[in-house]
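Report on the following structure.
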Amino acid sequence: MLNKEKIGQILTDLRGEASREEVAKAVGVSVSAWQMYENGQRIPKDEVKVRIASYFKKTVGEIFYS
């Protein structure tokens, strides 16, 4: 099972100095959705996971299943 809090921390770490707005726009989600991912309130749908992984130049497994 996916750990929402752990994924949220990974996404926050990956975002680094970039703004939430910048990353949300780049992966095609709302800022509020991105905020929920980072806060561990929600896990992205599979197609969004792929876009997030692509944006950060990681695999879906590295981010969501490590």
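The values are calculated or read from the model by the stated rules, or taken from the named source; none is laboratory data. Note that the structure is a prediction, hence the values are computed from the model and not measured. With ideal geometry, Cβ positions are generated from the backbone for all residues, glycine too; neighbour counts draw on all protein chains shown. Remember, those area values only see protein heavy atoms, side chains included, never the ligands or the DNA or RNA. Shrake-Rupley method; radii C 1.70, N 1.55, O 1.52, S 1.80 Å.
Helix-only arithmetic for the chain: the sum of -39500 (n - 2.57) across DSSP H runs with n ≥ 4, divided by the residue total, places the mean residue ellipticity at 222 nm at -18000 deg cm²/dmol. Dipole check for the chain: with +1 at the C-beta of Lys and Arg, -1 at the C-beta of Asp and Glu, and the Cα centre as origin, the magnitude is about 140 Debye.
Using the 1.4 Å probe convention, the accessible area of the chain works out to 62 Å² per residue with neighbouring protein chains retained. When the solvent-accessible area of the chain is split by element, carbon and sulfur atoms take up 50 percent of it, the probe being 1.4 Å.
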